[in-house]
Structures are given as structure tokens and as C-alpha cells.
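Everything on this sheet refers to the single structure shown next.
The values are calculated or read from the model by the stated rules, or taken from the named source; none is laboratory data. In this text the structure is predicted, and so the values were computed from the model without any measurement. Positions of Cβ are backbone-derived with ideal geometry, glycine not excepted, and every protein chain shown enters the neighbour counts. These area figures cover heavy atoms from the full protein model, side chains too; ligands, DNA and RNA do not enter into them. Shrake-Rupley method; radii C 1.70, N 1.55, O 1.52, S 1.80 Å.
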Amino acid sequence: MTLVATRFARLVAVLVAVTFASFCMVSLLPGDIVTSVLGADATEEARAAAREDLHLDDPLPVRYVRWAGNALQGDLGISYRTQQPVSEAIGERIWVTLELVLLSQIIALSLAIPMAIFGALRPGSWLDRMLSGVQLAMLATPGYLVAIGLMAIFAVKLGWFDTTGYVHFTDDPLGNLKSLLLPSVALALEQVAIYARVLRTDLVNTFDQDFIWYARAKGNSTKRIVLRHALRPSSIGIVTLSGVSIGRLIGGTVLVEFIFALPGLGRFTIDAINNRDFMALQGAVVVLTVGFVLVNFAVDILHGIIDPRTRAEAAR
Amino acid sequence: MTTAMSAAAHNSAVTATDDGVLRKDRLGISVWLSMAWLAGLTLAAIFADLLPLYDPADTRAGIPLSVPTSQNWLGTDSLGRDLLSRTIYGARVSIVVGLTAVLLSSVVGGLIGMLAGYFKRRVETTTLFAADVLMAFPTMLLAASIVAFTDSRGLVTVVLAIALIYLGPTIRIVRALTLTTSNREFVLAARSLGSGNARIIRREILPNVLPTLMSMMVVAVAGAIVAEGGLAYLNLSVAPPTATWGSMIAAGKAKLDVSLYPVLVPGGALFLTVLSLTLIGDTIQKRQARNLGAI
């Protein structure tokens, strides 16, 4: 439990530092906030009122503490561009991004696990070498290139999907899945390669251990050995990795959201950057970074639960 | 990279690969092809002005969106500019950004990481904390906000933005490498012979950290080129009219229903470059792991 406690203390410290860093980053950026809010031709009184309203004359730490206090209560301020509360705007968009991440993880794992198993069963065989070649190609194709390629083939040429647009799940569950399928596959391919490589290596090592030879000597079928005996002890690497990539992906869907015109959090952030919408950017960056840190924290704890050895290592 | 290669060449003859199969230790044809592609692309990018190419900004190079012809070997974009020429000139941006960004983050991150791993305690805790905070920011958004907010879309800004992405991971990895190295006997031996910290870091730690760092740099260059392409796609890399692969792909995407070439040509160049770098980096890393295992 002490380990969880120290991890937790560290988590809080990282969260404070990350939010403060993003607050400073947004505040110190060139370009006057008031000008970006009111436009260049605002009167001096209006400017002064806006400065007062945004508490811009207070020192940075004071502003941070006030902002953080509000943020803890779920109030991330109001976007000066759309007059919409930032937390509301993020709430609308975050589900698109989360759905995208989740779907791409399901696709990636369901492709990577069989690939890894077939490769690991006969290391060095033609199948193994072919699969690792395919994985290398997947690793080398940037997600945005895959996205455009898929769009060119399945949406433009074959017309099976719409090129852009998002259907809400509550409106049409199947249409929702359809609108997210191509973007999810585009995000998944790189993950497939990473997962398959790690799981294959772990499986090769597991297959060499005594208990597998014992299971084989007892006359178990290969299928049973893989599914019942080998897969579980080999899965620690891939479990950790998928946790880490979920955290990474939450902020990594930007380009795919852009290409398929999906109303997700990544697109929202880039729009906020381009529009100099400081409050919206601040809110989005904080949600993304805090999400990333929290997922990593959960993975760390989960890792300790799956593999007790790491607890001893981390405690040192 | 050269150290790793010559070391690998030294141990050639027959070695066991990681799967236990005995195989002649030669560089495969794919690695040679990768090196040829990278060398060809680099030479073409350097000597682009001397090659008989169209001006990359010339909108009268051919009929807009034409397929490959004898005039425009790889077709033209929607403004009638020659795709071959634009792809070669675009390679300049990719290569320069990829190399300098990774070099910058490796030198700075490597130095910080070595100090953190060597001196441990407060230095280490502080550095790792800073690296963690830096790595909590989504990479694409971090780079995008830096370019967008500095309001200058010059080469330097893009390089700095992408170097920042790699700073955190580099610090962490170099620190871990330094930590294992500084526990080895030869470091203790050097210290007992009276070597100071600076000398130990320079003579004992650095030569042991460098090969691994360099092989990772090869793969990182591929990542940096991809990141630059992504920024350019968002219109946040070097400003037009300079040709970049990412901006070419973004422009081509709008005309996907008419012609595939505006996406296919720069996309193919990007794919081959990244594949080559990944393949070479992968090969070097495998050899290093094997050589380490042999010791």
C-alpha cells in the first residue's frame, strides 16, 4: 500500500506541474489575450473591462490557483469565441475521441494477437518472416497516410463509406460504427505492429519454458497449449503497452480527426490554437494531459497487480 | 552508426539470430535497398538545383492533375506544378528537419540524461520529473501549439517544436543506459585510478551510451519526418510556397476523386523514407542486442 501512496503523491505532483505548465504556456504565448477576445478595434473601456473580467492584472500564480479551483469544480471557463462553457464543449467532443481510441484498440488487438501467435509458433519460418515484414511496413506507414489511403480506396473509389462526417451513436448505432470504422483502422495499424512484435517475443520466450514442455509431453494440443497455458503469462508486455498507447492515442487522434472531419477533442484543440481561443485551448490541453497521466497511473498500478515482481523493483 | 556497423562486421561469419537459427551474418537485400533509397533521395535533394527539373513553384509545368507523361514523369498537382520536382524539393525540408531536430534533442537530452543517470539523487529526481511533465503533453499538439503561437513558420521553429517532442524520451532512455553503465566494474576501476567525474563520463560512460543512442536516433529521424509531415498537413510547418510532403498530401487529398498522383507521389516518398530508416534502425538494434548477448 505504501507504494500506491508514493505513486499517488507523485501523481498529484505531476498533475499540478502539468496543469501549471500548460497554464503558463498558454498565458505566456505571444499575442494579447484581450485583442484576440475583442478584436483589434475595441474601445479602451471595453479592453479594461475585459482585463478586469479575465483577472489579467493579477500575478500568474494567483490566476493559476483561481483557475485550478474552478477547474476542480468542473468549470473550465467560457470560450470567448463561441460563448459556450469550455467544459460543455469538451464534453460533447471527448466521446468521439474516446470511441475512436477504444475502437482502434479493439481492432489492433484482434489483429495483433493472431499475428503474434502464428509468428511465435515457428520462429524463423517463412510465415514468421512474412508477418514481421508486414509489421515493419505497418510501423513505417504514418497514420495519416493510411487514413488517406483508406479514404481513397473505400470511400472515394468504392463508395462504401462516406468520406467525412460523424453520426451520433444515439441517432444510429450502426451508422456511428460505420462513420468511425475507417479512422479507427487508420489509427490501429501502427498499434498492430507494435503489439504483435512485443507479444511474439514474449510468446517465444514462454514457449521455451519447462511448463510448456510439460504440457506438451502430457499430450495437449498446440491450440490448447497456446490458449490455456502460454498466452496468459506472455500478456504482461502487451497489457502494459496497450495502456500506454491508450493514453498516447487520446492526444494522437488529431490528424485522423482532421482528415475525416470528426468533431473530436484533437480537432477542437487545433481549432482553438488557430483561433487563439485561449480558454478553450487551456481546457483541452489540461483534459488531454490529465487523461494521459491518469491512464499511465492506472497502468502502473495494474502492472503491479499482474506481476508482483515489478512492485519490488519499483519500491527500490 | 558507423561504430555499430563496423562492430557488427567484425563479428560476422555465422551467428545465431534471436530465434536460434544459424544464419550467415550478412546485411539483407532490403537493408541495401533502403540505404540506396536514402542516399539517392539525399543526393537528389542536395543537387536539386542542378538537376533538369521544373521549378517546384512553376504552375505552367503541365496540365493540372495530369497523369505521368513524358513531360511530367510523375504527373502534376491541381495547380499544374510538377510532382517529381516538388517531391524532391520537399525532401529538403523533411531531411533537414528530421536530422537537425533529432540531433538537437539527442545532444541536449543525451547530456541531461547522462548527468541525471550519473549523479543520481536530486539531479535525477528533478530531471525525471521534468521529463514526465514534458511527456504528458500530446506530442502533435505540443509541436502544433509551439509553431502556431510563435507565429513564425520558419524552419527553425519547426525544428525546435519537433526536437521538443523527442527531448523527454531521450532523457529517460539515456539516463537508464547511464545508470546500468555506471554500475559496471570498469567505471569503479576508473574511479579507483583517480579519474574525475568529467573524465569518467567522457571516457567510460559516453562510449557505452553512444551506440545505443545512435541506433535509436535512426528510428527517431523517421518519426521526426512523420511529425513534420503531420504538422505540414495541419498547415503548421514551413510556410508555402516551399514544397513539403505533408502540405502536398493535404492539397492532394482535396482532389482525391480526380487524381491519386498528388497524394501517391509524396506519400510514397514519405513511406519509402520512413520504411528505410525503420529497417536500418531495426537491423542495427538487433545486431547490437546480439553483440551484447555475445559478450
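Quick rundown of the values:
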| read-out | value |
| --- | --- |
| From A:Leu241, A:Leu281, A:Leu288, residue being more than 12 Å from chain B (Cβ to nearest Cβ) and under 18 Å from the mean Cα position of the chain (by Cα) | A:Leu241 |
| Tabulated pairs, segment A:152-172, first under 14 Å from B:Val258 (Cα atoms), second acidic (Asp, Glu) and exposed (fewer than 12 other Cβ atoms within 10 Å of the Cβ), C-beta under 7 angstrom, 6+ apart or interchain | A:Val156/B:Asp257 |
| Output for segment A:151-173, where each listed residue is part of a helix (DSSP H, G or I) and open to solvent by 30 Å² or more (accessible area, probe 1.4 Å) | A:Ile153, A:Phe154, A:Val156, A:Lys157, A:Pro173 |
| The listed residue being under 26 Å from A:Ile194 (Cα atoms), assigned to a helix (DSSP H, G or I) and either of a type in the set (Asp, Glu) or modelled with pLDDT of 80 or more (or both), out of A:Gly291, A:Gly247, A:Gly283 | A:Gly291 |
| Odd one out for A:Gly219 among (1) assigned to a helix (DSSP H, G or I); (2) modelled with pLDDT of 80 or more; (3) exposed (fewer than 15 other Cβ atoms within 10 Å of the Cβ) | (1) |
| Restricting segment A:250-263 to residues that are open to solvent by less than 10 Å² (accessible area, probe 1.4 Å) and under 12 Å from the mean Cα position of the chain (by Cα), the residue that is farthest from the other protein chains (Cβ to nearest Cβ) | A:Thr253 |
| Candidates B:Ile225, B:Ile200 - the one that is over 25 Å from B:Thr126 (Cα atoms) and open to solvent by less than 50 Å² (accessible area, probe 1.4 Å) | B:Ile225 |
| Filter pass, A:Ala147 being closer than 25 Å to B:Val31 by Cβ, within 10 Å of chain B (Cβ to nearest Cβ), modelled with pLDDT of 85 or more and surrounded by 14 or more Cβ atoms within 10 Å (Cβ to Cβ) | no |
| Filter result (open to solvent by 10 Å² or more (accessible area, probe 1.4 Å) and more than 14 Å from every other protein chain (Cβ to nearest Cβ)) within segment B:107-133 | B:Val107, B:Val108, B:Leu111, B:Ile112, B:Met114, B:Leu115, B:Tyr118, B:Phe119, B:Arg121, B:Arg122, B:Val123 |
| Of all residues in segment A:57-87 being at pLDDT below 75 and surrounded by 12 or more Cβ atoms within 10 Å (Cβ to Cβ), the one that is farthest from A:Thr19 (Cα to Cα) | A:Arg81 |
| Any hit, segment B:91-106, residues being within 14 Å of chain A (Cβ to nearest Cβ), within 30 Å of B:Val209 (Cα to Cα) and either at pLDDT 90 or above or crowded, with 17+ Cβ neighbours inside 10 Å (or both) | yes |
| Where A:Ser27 falls short, out of the listed (1) at pLDDT 85 or above; (2) within 14 Å of another protein chain (Cβ to nearest Cβ) | (1) |
| Residue list for segment A:224-244, restricted to those being of a type in the set (A, V, I, L, M) and either in a helix (DSSP H, G or I) or open to solvent by less than 20 Å² (accessible area, probe 1.4 Å) (or both) | A:Ile225, A:Val226, A:Leu227, A:Ala230, A:Ile236, A:Ile238, A:Val239, A:Leu241, A:Val244 |
| Where a residue in segment A:189-216 is over 20 Å from A:Pro142 (Cα atoms) and its partner, wherever it lies, is in a helix (DSSP H, G or I) and of a type in the set (D, E, K, R), with Cβ under 9 Å and at least six apart | A:Arg200/A:Asp128; A:Ala215/A:Arg224; A:Ala215/A:Arg228 |
| Residue satisfying condition, being touching a residue at least 24 places away in the same chain (Cβ under 8 Å), within 20 Å of B:Thr283 (Cα to Cα) and open to solvent by 40 Å² or more (accessible area, probe 1.4 Å), within set B:Val219, B:Val209 | B:Val219 |
